[in-house]
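The values are calculated or read from the model by the stated rules, or taken from the named source; none is laboratory data. Here the structure is a predicted model, which is why all the values come from computation and not from measurement. Every residue, glycine among them, receives a Cβ derived from its backbone with ideal geometry; neighbour counts consider all protein chains shown. When the accessible area is computed, the model is the full protein with side chains, heavy atoms only, and any ligands, DNA or RNA have been set aside. Shrake-Rupley method; radii C 1.70, N 1.55, O 1.52, S 1.80 Å.
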Amino acid sequence: MGKLAINTAQNVNLDYKLIGLGERMVAFLIDGVILLTYMTIMENLVNMSQIFDADGWTRRGFLGLFYLPAFFYSLICHIIFGGRTIGKMIMKIKVVRLDGAPTQWYNLLVRWMLRIVDIWLFFSSIGVLSILLSERKQRVGDAAAGTVVISVKKKHKITSTILEDITDDYQPVFSNVTQLTDKDVRIVKEAFLVSKKNNDYKTLHLLRNKICDVLGIKSDLYDLQFIDTILKDYNYYTQNM
């Protein structure tokens, strides 16, 4: 199930799909292969290099030093790549905050520190069970850090265009709608069409409130009319720029 946030100029995601155990495990295994390859290369280099031939302890000390990047791999990647490791990038998933906003370093630090509970204790059983039993598919580290793992795959199931039919004499209502991007409006339109088709008025209301918060506007229009107006206004301004 997806939750509503919004990915706009303010860098917040709208309508994302929460990722469960399967894709996360595949990403973890990909990262594991990368780390194992790196550690094997470092070990072979230390064993083959004459620089580290002083004694066994010196060799182990340098090897431990070279292993440090592997130890911090997950934390470093998540911070540098905006909530993703290489495995997550390949699987097109990422870590975000509960409201859909990008993670901060302290969110990722808390999440990384609790890997010892989720992954390394009891053969990962705690992390697996917490993901399976959590409504938001969070492991313990996610719950403590206030994060979730979401899909960033492009969607083309509903519509591949943000174009709206507007008349030549159309009069826009919300001038600051241009704060949104094409991606934002596409996501809004997808969520709008699905909710409208399923008579999901709760989601429509949540979507309307989020748009109002992001754009800093208020309106007396009903939810359906309001979102439809937002879409048309965006088309009006972008087509006439």
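Of the residues in the stretch 210-236, how many are surrounded by fewer than 21 Cβ atoms within 10 Å (Cβ to Cβ), among the β-branched types (Val, Ile, Thr) and touching a helix residue (DSSP H, G or I) at 6+ places or on another chain (Cβ under 8 Å)? Count: 2.
Condition first: in a helix (DSSP H, G or I), among the aromatic types (Phe, Trp, Tyr) and free of Cβ contacts under 8 Å to residues at least 40 places away in the same chain. Now tell me which residues in the stretch 27-81 satisfy that. Matches in the stretch 27-81: TYR38, PHE52, TRP57, PHE62, PHE66, TYR67, PHE71.
For the stretch 41-94, give me each residue that is within 31 Å of the chain's Cα centre (by Cα) and over 23 Å from VAL110 (Cβ atoms). Across the stretch 41-94, the qualifying residues are PHE66, TYR67, ILE90, LYS92. Could you check, for the stretch 90-101, whether at least one of its residues is under 18 Å from LEU29 (Cβ atoms) and free of Cβ contacts under 8 Å to residues at least 60 places away in the same chain? Scanning the stretch 90-101 turns up at least one residue that is under 18 Å from LEU29 (Cβ atoms) and free of Cβ contacts under 8 Å to residues at least 60 places away in the same chain. Considering only residues of the stretch 141-176 that are among the aliphatic types (A, V, I, L, M) and modelled with pLDDT under 90, which is least open to solvent (accessible area, probe 1.4 Å)? The residue in question is ILE162. Is it true that some residue in the stretch 101-116 is small (Gly, Ala, Ser) and part of a helix (DSSP H, G or I)? No, the conditions are met nowhere in the stretch 101-116.
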